[in-house]
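Have a look at the structure below before the remarks.
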Amino acid sequence: LERGELEHARAVIHRGEHLVKLLPGDRWLKLYVDVYRACLFVAAGGAEPGGSGGHAPGDASDAATEAALGEALDSSRASDFRMETLALVYQARFESRRDAAAARVAAEAALARATDPLRANPFDEILARRALAGIASADDAIAQLTVALGLAERTHNVLQDGIVRLGLAERLWGRDRAAAVAHLDAAESRFAIARADRWLKRVAERRAAG
């Protein structure tokens, strides 16, 4: 999903749904499938840069996305499932198109979970800070992304390193062009290493926009 390779994500979720039917007693498998399906609805709806457009499984309307997210969050909370944080991040991305206040609530909830000593996870924290940056003022967005970049570097997450740097480049473009270009060059390098073609396209689009 984070690579923007939605067709591959659809195929994985389809296989998961098939396994759920074969193994109806495996509630953890169903929880994973529910969360990833909801996230795919959001990604296919264009809420996060890097998506390929197209359609989520079935009807990708806002109502269907809302329902999928609601089901994933409810079942995750009932089971104290770690993936609730990911669902909250994608809920923030979804709401960012419609309601900034609701998006902030979801992103802050995701960050609280990602930094809770019992649930701390640097990958989740990177995503949560990116979600907050997407609805924050310029200065706050840069601050959130700077923390996220440190986490990506520390955990050697090459793809997220590139995505965060691209976000910094976009926000610095009009105020510190040299720093923005440096981040853009570094992002391009990270995406090349990760073979993230859709994100490389985003870098090219940023350069072309001038």
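The values are calculated or read from the model by the stated rules, or taken from the named source; none is laboratory data. This is a predicted model, so every value here is computed, not measured. Because the Cβ atoms are built from the backbone with ideal geometry, glycine has one as well, and the counts that use them run over all protein chains shown. We work out accessible area using only protein heavy atoms, side chains counted, and drop any ligands, DNA or RNA first. Shrake-Rupley method; radii C 1.70, N 1.55, O 1.52, S 1.80 Å.
Quick one: would you say Asp124 is within 18 Å of Val42 (Cβ to Cβ) and not hydrophobic (A, V, I, L, M, F, W, C)?
Yes, satisfied.
For the range 18-46: of the residues being part of a loop (DSSP other than H, G, I, E, B) and open to solvent by less than 80 Å² (accessible area, probe 1.4 Å), which is modelled with the lowest pLDDT?
Checking each candidate, the answer is Gly46.
Taking Leu127 and the conditions (1) modelled with pLDDT under 95; (2) within 11 Å of the chain's Cα centre (by Cα), which numbered condition does it fall short on, given that it satisfies the others?
Only one criterion is unmet by Leu127, namely (1).
Exactly one of these conditions fails for Ala204: (1) open to solvent by 10 Å² or more (accessible area, probe 1.4 Å); (2) small (Gly, Ala, Ser); (3) in contact with a helix residue (DSSP H, G or I) (Cβ under 6 Å, 6 or more places away or on another chain); (4) closer than 22 Å to Glu5 by Cβ. Give me its number.
With respect to (1) open to solvent by 10 Å² or more (accessible area, probe 1.4 Å); (2) small (Gly, Ala, Ser); (3) in contact with a helix residue (DSSP H, G or I) (Cβ under 6 Å, 6 or more places away or on another chain); (4) closer than 22 Å to Glu5 by Cβ, Ala204 is out only on (3).
If you go through the range 51-62 one residue at a time, do you hit one that is modelled with pLDDT under 90, closer than 26 Å to Asn121 by Cα and either hydroxyl-bearing (Ser, Thr, Tyr) or within 16 Å of the chain's Cα centre (by Cα) (or both)?
yes
Per-residue answers, yes or no, for (1) among the aliphatic types (A, V, I, L, M); (2) under 23 Å from Val42 (Cα atoms):
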residue: Ser79; (1), (2): no, yes
residue: Ala87; (1), (2): yes, yes
residue: Arg104; (1), (2): no, yes
residue: Thr115; (1), (2): no, no
residue: Gly150; (1), (2): no, no
residue: Gln160; (1), (2): no, yes
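Can you find a residue in the range 148-155 that is surrounded by fewer than 15 Cβ atoms within 10 Å (Cβ to Cβ), of a type in the set (Lys, Arg) and more than 15 Å from the chain's Cα centre (by Cα)?
Yes, because at least one residue in the range 148-155 is surrounded by fewer than 15 Cβ atoms within 10 Å (Cβ to Cβ), of a type in the set (Lys, Arg) and more than 15 Å from the chain's Cα centre (by Cα).
Could you identify the single residue in Ile135, Ile142 that is more than 20 Å from Glu5 (Cβ to Cβ), touching a residue at least 40 places away in the same chain (Cβ under 8 Å) and open to solvent by 10 Å² or more (accessible area, probe 1.4 Å)?
After applying the criteria, what remains is Ile135.
Any residue in the range 23-37 that is under 13 Å from Arg82 (Cβ atoms) sitting within a Cβ distance under 7 Å of a residue that is of a type in the set (Asp, Glu) and open to solvent by less than 60 Å² (accessible area, probe 1.4 Å)? List the pairs, counting only those 6 or more apart or interchain.
Pairs that qualify, where the first residue is under 13 Å from Arg82 (Cβ atoms) and the partner is of a type in the set (Asp, Glu) and open to solvent by less than 60 Å² (accessible area, probe 1.4 Å): there are none.
Per-residue answers, yes or no, for (1) within 25 Å of Leu6 (Cβ to Cβ); (2) part of a helix (DSSP H, G or I); (3) more than 15 Å from the chain's Cα centre (by Cα):
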| site | (1), (2), (3) |
| --- | --- |
| Arg165 | yes, yes, no |
| Ala169 | yes, yes, yes |
| Arg175 | no, no, yes |
| His183 | no, yes, yes |
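If you check Arg190, Arg130, which single one turns out to be in contact (Cβ under 8 Å) with a residue 24 or more places away in the chain, surrounded by 15 or more Cβ atoms within 10 Å (Cβ to Cβ) and within 18 Å of Leu86 (Cβ to Cβ)?
Just one listed residue meets the conditions, Arg130.
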